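For reference, the structure discussed in these notes is given below.
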Amino acid sequence: MSEKIDQIVEDLKTLTLLEASELVSKIEETFGVDASAAVGGGVIMAAAPVAEEAVEEQTEFDLMLDEVPADKKISVLKVVRGLTGLGLKEAKELVEAAPTKVQTGLAKEAAEDGKKQIEAAGAKASLK
């Protein structure tokens, strides 16, 4: 890299999160670009990761049961019982109440796994 680029990178390392966020906004405004869509390239790529730290990443997810086709109700009921540990009556009420929350406060992997299981059984699910 050139000395000029090295100096810019060193200067970027000293920025606070607020300053980095302001820098990203100024670059977007000046050059008419969107840093969140940046795939490659100089300063924007170097500044974007710093700004992203300011936005807190979601760590807990709610698993939602959005829609259950009538012909898939039994298989979805079995999956919901497996995920929640509910009894037959409670799980049936939950499935019939769709759209509804199946589980709350899940880690991303667990929520995605539950969603895949519900969708494999024939229902529609989402994460919130």
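The values are calculated or read from the model by the stated rules, or taken from the named source; none is laboratory data. Here the structure is a predicted model, which means the values were calculated and not measured. Note that we place each Cβ from the backbone using ideal geometry, even for glycine, and neighbour counts take in every protein chain shown.
Give segment 83-111 a look and list any residue that's of a type outside the set (Ser, Thr, Tyr), surrounded by 15 or more Cβ atoms within 10 Å (Cβ to Cβ) and not in a loop (DSSP other than H, G, I, E, B), or say none. Steps first, please.
Going residue by residue through segment 83-111, those that are of a type outside the set (Ser, Thr, Tyr) are 83, 85-99, 101-103, 105-111.
Imposing the further condition that a residue be surrounded by 15 or more Cβ atoms within 10 Å (Cβ to Cβ) reduces the set to 83, 86, 91-92, 94-95, 98, 102-103, 106, 111.
Residues satisfying the conditions are Leu83, Ala91, Lys92, Leu94, Val95, Val102, Gln103, Leu106, Ala111.
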Only one residue in Val80, Val43, Val50 is buried (at least 17 other Cβ atoms within 10 Å of the Cβ), out of contact with any Gly (no Cβ under 6 Å at 6 or more places or on another chain), at pLDDT 85 or above and in a helix (DSSP H, G or I). Which one?
Val80
Check whether at least one residue in segment 103-114 is in contact (Cβ under 8 Å) with a residue 12 or more places away in the chain and over 26 Å from the mean Cα position of the chain (by Cα), and report yes or no.
no
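Can you tell which of Ala91, Ala121, Ala111, Ala97 is touching a Phe, Trp or Tyr at 6+ places or on another chain (Cβ under 8 Å), at pLDDT 85 or above and among the small types (Gly, Ala, Ser)? Walk me through it before giving the result.
On the way: Ala91 fails: touching a Phe, Trp or Tyr at 6+ places or on another chain (Cβ under 8 Å); Ala121 fails: touching a Phe, Trp or Tyr at 6+ places or on another chain (Cβ under 8 Å); Ala97 fails: touching a Phe, Trp or Tyr at 6+ places or on another chain (Cβ under 8 Å).
Exactly one residue qualifies, and that residue is Ala111.
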Of the numbered conditions (1) over 30 Å from Leu12 (Cα atoms); (2) without any contact (Cβ under 8 Å) to a residue 12 or more places away in the chain, Asp62 fails exactly one; give the number of that condition.
(2)
Picking from Gln58, Gln7, the residue that is modelled with pLDDT of 75 or more, within 30 Å of Ala107 (Cβ to Cβ) and either in a loop (DSSP other than H, G, I, E, B) or not assigned by TED's automatic domain parsing to the domain that holds Ile118 (or both) would be Gln58
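Hey, among Ser21, Ser25, Ser36, Ser2, which residue is surrounded by 14 or more Cβ atoms within 10 Å (Cβ to Cβ), modelled with pLDDT under 85 and polar (S, T, N, Q)?
Numbers: Ser25 fails: surrounded by 14 or more Cβ atoms within 10 Å (Cβ to Cβ); Ser36 fails: surrounded by 14 or more Cβ atoms within 10 Å (Cβ to Cβ); Ser2 fails: surrounded by 14 or more Cβ atoms within 10 Å (Cβ to Cβ).
That would be Ser21, the only listed residue that is surrounded by 14 or more Cβ atoms within 10 Å (Cβ to Cβ), modelled with pLDDT under 85 and polar (S, T, N, Q).
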